[in-house]
Structure formats: structure tokens, C-alpha cells
């Protein structure tokens with residue numbers, strides 16, 4: 001086994017990682033929200049077929065597009081902030097020791 005010391009992490013790299021994870025979570029939440037909101041809209045609406053169709057499509061597209069994009073943007077910001085703070089703290093503390101093992105094939 002090898003011991004490595006992490007003394008810095010890539011701020012943008014962590015931002016992209018957390019942003020991508022949040023995008024996937026946002027997509028799942030958006031799909032569920034689209035289903036729930038569309039069912040609720042259709043159950044309470046009396047706008048006729050065309051009104052219900054346009055309203056349903058607006059809800060679905062907004063939830064499936066806006067939720068993931070907003071989640072990704074906020075996740076990226078959060079990741080950048082955490083990585084920046086991590087780099088400051090790790091610089092003062094001297095690093096984080098990791099124990100790694102090489103795979104032998």
C-alpha cells in the first residue's frame with residue numbers, strides 16, 4: 001500500500017462533479033414534479049382540451065428542463081465553494097493522508 005497526501009483539489013473539477021450529480025438528481029425530481037403537477041393541473045382545470053394540453057406541456061417542459069438546469073447551476077456553485085474552502089483548510093492543516101492500493105493484474 002502507498003500513502004499519498006492530497007494538498008490541493010481542482011476547484012472547477014469538483015464544481016463539475018457536484019454539478020453533474022445535481023443535474024441527474026434534478027432530472028429525477030423534475031420528472032416526478034412534472035407528473036404530480038400535471039395530474040394536479042388536469043384534476044383542477046376546466047380550460048378545455050386545448051388549454052389543458054398547453055398547460056400540461058408547459059408544466060412538463062418547465063419541470064424537466066428547468067429543475068435539472070437550476071440544480072446543476074446551484075450544484076456547480078456549491079462544489080466550487082466547497083473546493084475553495086477545502087483548499088484553504090487543507091493548506092493550513094498540511095493535507096489529507098490517503099492510503100491507496102495498486103491493483104495487480
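Observations on the structure shown:
- The set of residues in the stretch 66-97 that are closer than 16 Å to residue 37 by Cβ and either surrounded by 14 or more Cβ atoms within 10 Å (Cβ to Cβ) or in contact (Cβ under 8 Å) with a residue 60 or more places away in the chain (or both) comprises 67, 68, 70.
- Meets criteria (surrounded by 12 or more Cβ atoms within 10 Å (Cβ to Cβ) and either in a loop (DSSP other than H, G, I, E, B) or at positive phi (or both)) for residue 29: no
- Selected residue (only one of 37, 43, 50 is surrounded by 12 or more Cβ atoms within 10 Å (Cβ to Cβ) and on the phi < 0 side of the Ramachandran plot): 37
- Flag if residue 9 is more than 30 Å from residue 95 (Cα to Cα) and under 26 Å from the mean Cα position of the chain (by Cα): no
- Filtered residues of the stretch 4-53 (kept if within 20 Å of residue 85 (Cα to Cα) and in contact with a strand residue (DSSP E or B) (Cβ under 7 Å, 6 or more places away or on another chain)): 5, 6
- Failed item, numbered, when residue 8 is tested on (1) within 30 Å of residue 97 (Cβ to Cβ); (2) in a helix (DSSP H, G or I): (2)
- Scanning the stretch 71-87 for any residue that is in contact with a strand residue (DSSP E or B) (Cβ under 7 Å, 6 or more places away or on another chain) and assigned to a helix (DSSP H, G or I) turns up nothing.
Taken together, the values in this text are just the output of simple stated rules run on the coordinates, not laboratory data. Model, not experiment: these values are computed from the prediction. So basically every Cβ, Gly included, is an ideal-geometry build from the backbone, and we count neighbours across all protein chains shown.
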